[in-house]
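Working notes, structure below.
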Amino acid sequence: MSGLSRIPGFYKLSPADRRGALLERTALSADDLSALSARSLDIERADLMVENVVGTFALPLGVGVNLTINGDDVLVPMVVEEPSVVAAVSNMARLVRPAGGFEAGVSSDVMLGQIQVLDVPDLESAERAIALETPRLLARIDHIHPRLVARGGGARGLQTRRIRYDEPGETPEDMLVVQFALDCVDAMGANMVNTVAETLAPDIEALTGGRVLLRILSNLASERRAWARCSIPAGLLACNQLEGRTVAEGIAAAYRFAWADPWRAATHNKGIMNGVDAVALATGNDWRAIEAGAHAWAARDGQYRSLSRWKLAPDGTLHGSIELPIQVGTVGGSIRSHPGVAANHKMMGSPRAAELGAIMAAVGLAQNLGALRALATEGIQQGHMRMHSRNVAIQAGAEPNEIGAVVHVLSNERDWSVDRARRVLDELRTSPGS
């Protein structure tokens, strides 16, 4: 990780001046900045990435600032269309910064693969046979990916699991699942894991006497979890004439609501994923896989719960933490084929996969803190709509030089309707000296 993330007034700068600030603080070159544009992905290159290409589609690329993670500053590229996401991360990172910022890390780089075996004549005998052959099977996995082993990765274990399908009203069915663990180092690992599953299938059939059907990775990357935490003295949380401890108590109470109620937890976790997904998109990672794994992890005890935790200590310190599966790569895929993705990795200091997972967890926790602090004080809508008011002004037909004046009136009146924006525009355009 490189670059000083504390850039006061970054949001006030013009896009050109923000790009200049990146040049000063990171290893980005002028060519790299040119890649941070929708035009950097031409249709010919896009046609090589996916099927049936007819064009490319752009989304805003913002930069999360003020982040200190494990004592290092990092600038975080975020691709997102929703207002207030980048601002919330940056503001909460600035708030947490005097308290030491975020600690973050990952459990491992291990991904899981599954081989489904049907029609097994004797489940116990099949399990014993696989247990006896596990050392050979693990060596076979390493033989499939020798370059991965040379980089420090490879097979990390293999086990069998009995699964019973017993949906009400349907005929029950027993099946055997052979599940293996593969350390993918800096790769996301989907193709690696799927190759192993396909290759091992004949061995598994021979050992079990059953019929292999599915051979694929699991996107519940329970062995590849990223975590982040922070501790904030309550005094740093004061806002809107509310004492810091009052705000801290509100944040802790909001967390308890999300832990206890799945309807609240869904919105709570959506806010977390606003930050995580935005970094995943910017870095060319599979945000759908991360979403699936995160939500499955949130329901691991049988009820869907909050991915984060917020606890207020007796001394008034608010302790926040988060843990969720994050399967990311920093090699291969769109990182090589998309110039903008490559530039975003460079902006961050070219992190390893483990470092990127930790960054994403910290961003998710910062985003969550921003949402809960707003809910516990002014309410989520007021701050969000202040950020959204630019879009309202554009919908009303404002020209670039008119947007600031429209936003000022809408925010002062707390009326963010398009109809009011149109009336404000009419008043501006008909008033003397407009």
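Annotations for the structure displayed:
- Accessible-area order (highest first, 1.4 angstrom probe) of the listed residues Val331, Val96: Val331, Val96
- Degrees between helix 380-395 axis and first principal axis of the chain (Cα, 0 to 90, nearest 10): 70 degrees
- Whichever aspartates and glutamates have a C-alpha closer than 16 Å to that of Lys346, once near sequence neighbours (fewer than 8 apart) are set aside: Glu24, Asp31, Asp32, Asp72, Asp73, Asp186, Glu355
- For the chain, the longest principal axis of the C-alpha atoms and the axis of helix 353-376 are separated by about 50°.
- Each peptide among 416-422, 304-310 gets the average number of other Cβ atoms lying within 10 Å of its residues, and from highest to lowest they stand as 304-310, 416-422.
- Carbon plus sulfur fraction of accessible area for the chain, probe 1.4 Å, in percent: 52 percent
- (i) 5, 22, 34, 27, 10, 1, 0; (ii) 4, 18, 25, 24, 16, 8, 3, 1, 0, 0; (iii) 4, 16, 20, 18, 15, 11, 8, 5, 2, 1, 0, with the label sought being that of the calculated P(r) over Cα pairs in 10 Å bins from 0, in percent: (ii)
- Loop-located GluC sites (Glu not before Pro) across the stretch 63-133 with a Cβ neighbour count of 12 or fewer within 10 Å are Glu81, with loop assigned by DSSP.
- For the chain, the longest principal axis of the C-alpha atoms and the axis of helix 400-413 are separated by about 90°.
- Most to least packed among 395-405, 43-53, 140-150 [average Cβ atoms within 10 Å]: 140-150, 395-405, 43-53
- Among Phe257, Phe10, Phe57, the sequence by solvent-accessible area, most first, with a 1.4 Å probe is Phe57, Phe257, Phe10.
- Rounded accessible area per residue of the stretch 1-61, 1.4 Å, Å²: 70 Å²
The values are calculated or read from the model by the stated rules, or taken from the named source; none is laboratory data. What you see is a predicted model, and the numbers here were worked out from it, not measured in a lab. When we count neighbours, we look across all protein chains shown, and the Cβ atoms used for this are built from the backbone with ideal geometry, even at glycine. Side chains are part of the model used for accessible areas, which takes the heavy atoms of the whole protein and leaves out ligands, DNA and RNA. Shrake-Rupley method; radii C 1.70, N 1.55, O 1.52, S 1.80 Å.
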